[in-house]
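In what follows, a single structure is set out as structure tokens and then discussed.
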Amino acid sequence: MEFNVKSGHPEKQRTACIVVGVYEPRRLSDVARRIDEVSNGQLSAILRRGDLEGKAGQTLLLHNIEGTMADRVLLVGCGRERELGDNQYRQIIRQAIQTLHETGSMEAVCHLTELNVRGRDTAWRIRQAIEAAQSALYTFDQLKSQQETTRRPLRKIVFSVASRRELQLAEQASFEAQKIADGVKLAKDLANLPSNHCTPTFLADKAKSLCSLHDNLSCKILTETHMQKQGMGALLAVAKGSKQKPRFIVLEYKNNKNKDPIVLVGKGVTFDSGGISLKPAKDMDEMKYDMCGAASVFGTISAVAELQLPLNVIGIIPAVENMPGSQAVKPGDIVTSLSGQTIEILNTDAEGRLILCDALTYAESYKPDVVIDIATLTGACVVALGKHPHGLMSNHNPLTNDLLSAGKFSGDRAWELPLWDDYQCQIDSPFADIANIGGRDAGTITAACFLSRFTRKYNWAHLDIAGTAWTSGKKDKGATGRPVPLLTQYLINRSSDDSSS
Ligand code: BES
Ligand code: MN
Ligand code: ZN
């Protein structure tokens with residue numbers, strides 16, 4: 001899909017379709033009013049007849065509108081003007097794009113980016129429009145033997161800005177949006193692959209092929225023998241039950257000689273059966289998504305490299321498959337982590353923290369400015385926060401604030417949970433330094449407490465994406481690509497400030 005921005009009069013656009021907004025109740029937006037004027041009131045006549053109320057997401061496709069140079073005019077309901085906020089705006093864009101795609105316009109000029117969205121400027125509207133458009137048209141059909149094809153698919157869309165003055169900002173926003181959208185797509189594609197395709201070695205090969213695309217991106221792959229030599233006993237314990245060999249993937253993006261690196265650690269469990277503490281059968285297929293943290297690291301690093309941000313960003317991905325078997329780690333087993341701390345594995349299904357703890361210790365060697373881990377870590381997070389925000393826990397307040405605000409701007413929000421000492425005693429063990437589960441209460445926080453035992457030497461934040469990384473259901477099932485927008489926005493912000501937080 002090709003995206004462009006431009007400014008110009010709607011009636012002068014020579015295009016297959018111009019897209020304009022109508023507010024509820026039956027009120028033309030500024031651009032729609034202009035078209036109404038040049039067509040001698042055709043639009044207002046249609047609204048008077050009652051064909052479109054203007055409710056958010058309604059659409060009406062018109063032909064033969066006089067005074068314009070377009071083949072069609074698509075009216076899109078925008079809801080009440082004063083209520084037009086972030087979610088409504090994205091929904092309107094998605095609806096418009098879908099309709100264009102299904103009604104034969106192969107290119108279009110969309111004026112919905114000129115609508116007033118509460119508290120948002122032109123650059124934001126362009127950013128969100130492109131990201132929403134790209135994700136509205138996303139499909140994952142590479143494993144179907146025959147792909148469904150749209151007869152006249154939407155190929156190119158031009159988003160309009162009201163004045164020429166805004167063009168430069170809009171172009172920058174468009175550039176960033178396309179790179180973020182590509183990062184989201186990469187994360188979705190990896191995550192949607194089933195675990196018989198997407199194995200730890202497959203992810204390692206993906207890392208290599210990503211590196212071949214960028215000069216300042218390189219990677220290291222540690223195999224089982226390397227990991228044994230290092231002493232990654234916790235990670236290796238999880239891998240033991242599977243025939244699939246684990247891989248420890250390190251991506252290094254270097255584009256700044258003066259800054260300490262920002263490290264992203266992504267949970268890469270390519271399938272989580274639970275191990276000996278086997279999960280129930282219902283919805284177990286969704287545990288192919290237990291590598292969404294890893295996928296988001298791939299997507300973010302790819303976006304950062306495409307944007308050529310003046311930063312150093314390291315991606316660390318411990319990749320394993322969690323399976324039962326005669327070789328598998330068993331409840332009660334005690335292992336020694338890379339940090340030297342011993343862990344009593346009381347439940348083999350709490351495997352994410354076991355692979356992350358060794359990756360977090362490994363991150364120390366980079367003398368990081370900050371470390372952020374991203375993981376589908378706990379079902380409890382879905383219970384606590386639902387499917388809207390990521391759970392955020394951190395040992396460093398400025399980092400919390402930076403991530404929260406990057407989330408608000410990008411529309412990929414996080415919500416903080418308390419990482420208080422009070423919870424730490426829940427993961428005490430009588431036999432080892434730490435237990436890998438902390439009982440029923442506050443499961444998301446005790447999982448983060450576990451990780452916090454391995455992140456004492458640097459500023460760290462943990463994103464629990466168990467509720468946000470994919471959506472369930474028969475038809476709408478699929479990876480969301482989150483939190484690529486949040487992370488990339490955070491990194492964009494970090495590349496323009498000099499503060500180190
Ligand atoms: N990958 C799961 C968490 C998960 C479950 C994410 C469902 C999204 C949906 C994780 O490895 C896990 O199994 N966690 C356990 C922890 C428990 C054993 C302390 C959980 O949440 O039940
Ligand atoms: Mn598990
Ligand atoms: Zn898991």
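Here are the numbers for the structure shown:
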read-out	value
Å² of accessible area per residue within segment 1-121, as computed with a 1.4 Å probe and no ligands counted	46 Å²
Packing-based ranking, highest mean first, of 422-434, 394-406, 100-112, 164-176 given that Cβ atoms within 10 Å are counted	100-112, 394-406, 164-176, 422-434
Share antiparallel - DSSP beta bridges, the chain, percent rounded to 5	45 percent
Amide H contacts of Ile372 (H built 1.01 Å from N, under 5 Å, at least 5 apart or other chain)	Val263, Leu264, Val265, Ala461
Stokes-Einstein diffusion coefficient of segment 452-501, Kirkwood radius over Cα pairs, 25 °C, 0.890 mPa s, in µm²/s	180 µm²/s
Segment 2-159, accessible surface, carbon-and-sulfur percent (1.4 angstrom probe)	39 percent
Residue-averaged [θ]222 nm for the chain, counting only DSSP H segments that reach four residues, each worth -39500 (n - 2.57)	-11000 deg cm²/dmol
Pair Lys220, Arg118: separation of 7 Å Cα→Cβ label points (nm)	5.0 nm
Compactness of the chain - radius of gyration and Dmax, Cα, Å	24.6, 83
Those trypsin sites (Lys or Arg not before Pro) in segment 17-112 that DSSP places in a loop and that have at most 14 other beta carbons within 10 Å	Lys55
Segment 217-231 - phi-based ³J(HN,Hα) in whole Hz, Karplus 6.51/-1.76/1.60, Gly and Pro as x	10, 9, 9, 10, 10, 9, 9, 3, 4, 4, 5, 5, 4, 5, x
Of Ile316, Leu385, Phe175, farthest towards positive along the dipole that unit charges on Lys, Arg, Asp, Glu beta carbons give the chain	Phe175
Sequence ranges 141-150, 35-44, ranked by mean other-Cβ count within 10 angstrom, highest first	35-44, 141-150
Equivalent ellipsoid semi-axes - Cα gyration tensor, segment 6-63, angstrom	19, 13, 11
Accessible area (Å², per residue) of segment 363-493, counting only protein heavy atoms and a probe of 1.4 Å	41 Å²
Distance between segment 67-115 and segment 401-434 - C-alpha centres, whole angstrom	39 Å
Those residues of segment 91-116 whose amide nitrogen sits under 20 Å from the label point placed on His63, 7 Å along Cα→Cβ	99-109
Residue-normalised accessible area of segment 230-310, expressed per residue, 1.4 Å probe, Å²	33 Å²
Cα-based Rg / Dmax (Å) for segment 2-159	15.3, 51
Trypsin sites (Lys or Arg not before Pro) within segment 425-464, DSSP loop, no more than 13 other Cβ atoms inside 10 Å	Arg440, Arg456
Accessible surface of segment 181-500 [probe 1.4 Å, protein heavy atoms]: carbon and sulfur percent	51 percent
Principal-axis tilt of helix 122-136 within the chain, Cα atoms, nearest 10 degrees	70 degrees
Spread of Cα-to-Cα distances over 5 Å intervals beginning at zero, given as percent, for segment 308-423	2, 8, 15, 18, 22, 16, 11, 5, 2, 0
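The values are calculated or read from the model by the stated rules, or taken from the named source; none is laboratory data. This is a predicted model, so every value here is computed, not measured. Note that each Cβ is placed from the backbone with ideal geometry, even for glycine, and that neighbours are counted across all protein chains shown. Each accessible area value is taken on the protein alone, full model and side chains, heavy atoms only, with ligands, DNA and RNA left out. Shrake-Rupley method; radii C 1.70, N 1.55, O 1.52, S 1.80 Å.
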